[in-house]
Amino acid sequence: MQIAVIGGGAMGSLWASLLGLTGVHNLWVVERDFARYSICKERGYLLFHGQKPPPERVQIRMAQDISDLPLAEIGAVILAVKAYQVDDVLGVLLPLLLAGTPVLCLANGAGFGGEGLIAAWQDRADAKNAIAKLGQVFFAVSFQGAYLKNPGEVYLRGAGPIYWGSLPPACGDYLPDGLARERLRDILSVVEGCSYRQDFPVAMWQKLLVNGVINPLSSLWRVANGGLADAQLTEAQRLVKHKLLQEGLAVGFAYGKAVLDNSAFLSADAVERALAETIGATAENYSSMYQDITYGRQTEIDYINGYLIRWGQRLGVSTPCHQEVYQQMKTIFSA
Ligand code: KPL
């Protein structure tokens, strides 16, 4: 099968390499940046697993734009763009895709691919068709650490679990596409550590709360993820870390009650464990937000801490610590 990965950043390069290495599929990567596109087209991709030499080489076909892909032959799409790009890319991509072709969205955070997108599409001539195709969109949360040293040279720094599934439709205008889900299940069955979750919103919230702590704190304190282990922190830093998690959990519980009609959907213990395990497993990795500010890119803070702050305001849960780190990120890094 031909699979297209849209976005040649750290996550996109990692997924293209992992899927390409299975030897089962032909991979395409869409990379808009001409210099990066040319380097990868010439040299292919190299996947480095931790300290384990040598790197594995993967041949991948390159495209510079979605319109350059052989869309009628593409059997699945992995959407590896940033949270703030997802809705725009879906707007272009979905009307072009055949029915039954799944799209797996890997962005961190939440608040894309749903209500906002549908509202933005209402005036389009093809709105009905585009909205119906949202049933082909699935989401994944990945607790892996990935780092792109040079174009096409990707390092897997911490092999955490990957969960995927659906978010409840934001309106009654589309149904999850069962054919697309089964095709994606087949493709992902060969990806190590990847499992389907019927209760995907739980996994999504766990990851959101983990990112809500690791990403801004690693950026503000300029440390790799391992630097956020309790033993590495001062008393004052431990308190900030603790408050971010507790505030995030309070928003999550209120969200469960108000939106999912299930106040017990999140377990504080499970989220605390996920945070400690992610910090341990990706200790060598610099979070994606740290990498974004280092390379002067926009961050996903509006879709992580900003999302928690907005839901907190809607549900009457105060989030002073998230607001503080959000403001610091905006002031110091124009994040
Ligand atoms: O999701 C991540 C990120 O950096 O955005 C983790 C899992 C924290 C890995 O660094």
Open item on the list: Would you confirm, using the coordinates I've provided, whether PHE138 is outside the structural domain of GLY248 (by TED's automatic domain parsing) and in contact with a Gly (Cβ under 6 Å, 6 or more places away or on another chain)?
Closed with: no
Task: Number of the condition not met by LEU188 [criteria: (1) surrounded by 14 or more Cβ atoms within 10 Å (Cβ to Cβ); (2) in the same structural domain as VAL141 (by TED's automatic domain parsing); (3) touching a Pro at 6+ places or on another chain (Cβ under 9 Å)] - done: (3)
TODO: Please work out if PHE200 is out of contact with any His (no Cβ under 7 Å at 6 or more places or on another chain) and open to solvent by less than 50 Å² (accessible area, probe 1.4 Å).
DONE: yes
- [ ] Answer with yes or no whether GLY226 is open to solvent by less than 30 Å² (accessible area, probe 1.4 Å), more than 21 Å from TYR303 (Cα to Cα), in a helix (DSSP H, G or I) and within 16 Å of the ligand (Cβ to nearest atom).
- [x] yes
TODO: Considering (1) surrounded by 19 or more Cβ atoms within 10 Å (Cβ to Cβ); (2) part of a loop (DSSP other than H, G, I, E, B), say which one PRO169 fails and leave the rest.
DONE: (1)
Open item on the list: Name the residue that is surrounded by the most Cβ atoms within 10 Å (Cβ to Cβ), counting only residues in the stretch 134-166 that are within 15 Å of the ligand (Cβ to nearest atom) and in a loop (DSSP other than H, G, I, E, B).
Closed with: GLY145
- [ ] Out of the residues in the stretch 195-212 that are over 15 Å from ALA270 (Cα atoms) and modelled with pLDDT of 95 or more, state the one that is farthest from the ligand (Cβ to nearest atom).
- [x] TYR196
- [ ] Return the total of residues in the stretch 279-302 being within 11 Å of the ligand (Cβ to nearest atom) and open to solvent by 20 Å² or more (accessible area, probe 1.4 Å).
- [x] 6
- [ ] Please find, within the stretch 303-318, the residue that is most open to solvent (accessible area, probe 1.4 Å) out of those that are within 16 Å of the ligand (Cβ to nearest atom) and more than 11 Å from ASN215 (Cβ to Cβ).
- [x] TYR307
Open item on the list: If SER195 satisfies all but one of (1) more than 22 Å from LEU275 (Cα to Cα); (2) open to solvent by 30 Å² or more (accessible area, probe 1.4 Å); (3) polar (S, T, N, Q), what's the number of the condition it fails?
Closed with: (1)
Open item on the list: Are there strands (runs of 3 or more DSSP E) fully within the stretch 43-97 with at least 2 residues that are under 20 Å from VAL137 (Cβ atoms)? List them.
Closed with: 74-79
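The values are calculated or read from the model by the stated rules, or taken from the named source; none is laboratory data. Note that the structure is predicted; figures quoted are calculated from it, not measured. Please note: Cβ atoms are built from the backbone with ideal geometry, for glycine as well, and neighbour counts cover all protein chains shown. Just so you know, the surface numbers come from the protein's heavy atoms only, side chains and all, with ligands and any DNA or RNA stripped out. Shrake-Rupley method; radii C 1.70, N 1.55, O 1.52, S 1.80 Å.
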